[in-house]
Amino acid sequence: MTVEVLGNTSARAMFLDRHALAEQPTGPAKGQHLLDLIERLGFVQLDSINTVARAHDMILFSRRPTYRPKHLKRLYETDRALFEHWTHDAAVVPMAFYPHWHLRFQRDADLLRSRYKNWRRDGFEQRFETVLQHIRDHGPVCSSDVGKDEKKGSGGWWDWHPSKTALEYLWRSGALSVIGRDGFQKRYDLTERVIEEHLRPGTIQCDAEHTVDWLCNAALDRLGFATSGEISAFWDTVSSAEAKAWCTTAEQRGEIEMIEVEGADGARRKHFSRPGTAQAASSIPAPTGRLRVLSPFDPALRDRKRTERLFGFHYRIEVFVPAAKRTYGYYVFPLLEGDKLVGRIDMKAHRDCRELRVRALWPERGLRWSKARTQRLEAELERVRRFTEMDSVIFAPNWLRDPI
């Protein structure tokens with residue numbers, strides 16, 4: 001049997017198309033239009049680092065430059081069209097997907113009960129009813145509103161007091177829902193007050209087999225082509241064994257097929273895809289040549305190994321690397337142009353003086369940083385300046401570096 005081959009150029013085009021990065025970044029970016037974009041991506045990761053803008057805002061801005069943070073806040077906190085929970089990390093997810101999180105609630109409940117005990121947070125289970133009753137009586141709370149008489153450990157920011165641990169456990173296991181954030185501190189309320197009854201566990205029945213099937217299908221459709229491991233990792237709910245079993249069954253049913261995908265180095269690797277994917281990829285228009293800044297937590301960069309295989313772009317975030325040992329910088333933004341990741345830029349919004357300062361830019365090896373490319377960069381930074389409400393863009397001396 002002949003296995004179809006998806007060439008690297010077509011694979012990149014499909015990859016970018018599925019991540020909403022192939023088309024010209026334009027169009028409305030609020031209300032239903034914004035929700036449609038998030039449904040297309042599957043979820044948007046939340047992160048507190050605010051070097052230029054928070055990761056979720058940069059992710060949405062890079063695809064829709066008219067986007068502003070208030071649009072996501074309204075969709076999440078007012079319209080309740082999104083809920084917050086975990087994929088591989090904290091994320092906002094379309095509310096329509098909520099029934100498929102019932103399995104995640106069950107699995108997190110089992111996993112976290114033992115994990116939290118191992119972190120020496122003994123006593124958090126005894127706080128469940130106290131925390132729930134406090135919320136029933138007083139309404140939504142932040143972690144600072146509970147456990148005021150409890151000692152916080154000395155193990156760092158994650159070493160919570162028992163009531164904070166109880167809050168997180170009750171949220172992750174589904175009894176509580178996060179209804180928004182003050183700054184970046186979560187506000188919790190009873191799920192029965194937040195989630196419509198027809199979506200909640202006990203009202204709608206979603207067995208594990210049905211949920212695994214939905215999650216695997218949804219992951220593959222958003223990736224275009226994937227290994228069973230990549231399907232498992234997309235939502236981070238389905239186990240590796242479940243994803244492998246799903247792939248076997250789906251292939252037997254003719255719902256998916258095996259293809260070979262060519263990497264940037266010419267090597268081929270087997271992936272699963274929908275029948276006809278290779279032919280469909282050949283008709284995807286070439287990605288727009290507009291240069292744009294991506295968040296380090298962009299969905300297109302989340303799987304660093306996959307991105308490196310397709311684009312030959314090695315990227316690691318260096319937030320937790322000591323300054324003296326960093327190759328590039330604390331929080332460096334990848335640059336996308338057409339179907340290539342052409343470099344990375346170290347920049348920061350200095351809000352005290354309203355300046356977007358560019359410290360350095362490193363082009364990728366083998367790429368000439370032309371005057372035309374600098375002009376495209378300046379146009380993109382002007383868009384970022386307006387988005388972050390800075391007054392000016394300032395380039396440091398010798399900002400254009402040699403490739404590393």
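The values are calculated or read from the model by the stated rules, or taken from the named source; none is laboratory data. Predicted model, so just to flag it, every value in this text is computed and none were measured. Note that each Cβ is placed from the backbone with ideal geometry, even for glycine, and that neighbours are counted across all protein chains shown. SASA here: full protein model, heavy atoms, side chains in, ligands and nucleic acids out. Shrake-Rupley method; radii C 1.70, N 1.55, O 1.52, S 1.80 Å.
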- Item | Per-region count, segment 310-325, residues closer than 17 Å to residue 362 by Cα, open to solvent by less than 70 Å² (accessible area, probe 1.4 Å) and not aromatic (Phe, Trp, Tyr) | 3
- Note on the structure: Screening 86, 101 for residues that are open to solvent by less than 50 Å² (accessible area, probe 1.4 Å) and modelled with pLDDT of 95 or more leaves only 101
- Any idea which residue in segment 6-30 is farthest from residue 383 (Cα to Cα), counting only those that are in contact (Cβ under 8 Å) with a residue 60 or more places away in the chain and open to solvent by 60 Å² or more (accessible area, probe 1.4 Å)? 9
- Confirm whether residue 241 is modelled with pLDDT of 95 or more, part of a helix (DSSP H, G or I) and of a type in the set (A, V, I, L, M). yes
- Query: In segment 261-296, how many are open to solvent by 40 Å² or more (accessible area, probe 1.4 Å) and in contact with an Asp or Glu (Cβ under 9 Å, 6 or more places away or on another chain)?
  - Reply: 11
- Query: Which one is modelled with the lowest pLDDT among residues in segment 163-204 that are hydrophobic (A, V, I, L, M, F, W, C) and part of a loop (DSSP other than H, G, I, E, B)?
  - Reply: 184
- Note: among 85, 71, just one is part of a helix (DSSP H, G or I) and touching a residue at least 40 places away in the same chain (Cβ under 8 Å), namely 71
- Query: Taking strands (runs of 3 or more DSSP E) that do not extend beyond segment 316-404, which have at least 1 residues that are under 25 Å from residue 68 (Cα atoms) and under 25 Å from the mean Cα position of the chain (by Cα)?
  - Reply: 332-337, 340-350, 355-363
- Return the total of residues in segment 361-385 being out of contact with any Asp or Glu (no Cβ under 9 Å at 6 or more places or on another chain), touching a residue at least 40 places away in the same chain (Cβ under 8 Å) and open to solvent by 20 Å² or more (accessible area, probe 1.4 Å). 3
- Hey, could you check segment 31-69 for residues that are crowded, with 22+ Cβ neighbours inside 10 Å and of a type in the set (Ser, Thr, Tyr) and say which is nearest to residue 358 (Cα to Cα)? 62
- Task: Return a yes/no flag: does segment 205-214 have any residue that is of a type in the set (Ser, Thr, Tyr), farther than 30 Å from residue 16 by Cα, open to solvent by less than 60 Å² (accessible area, probe 1.4 Å) and modelled with pLDDT of 95 or more.
- Result: no
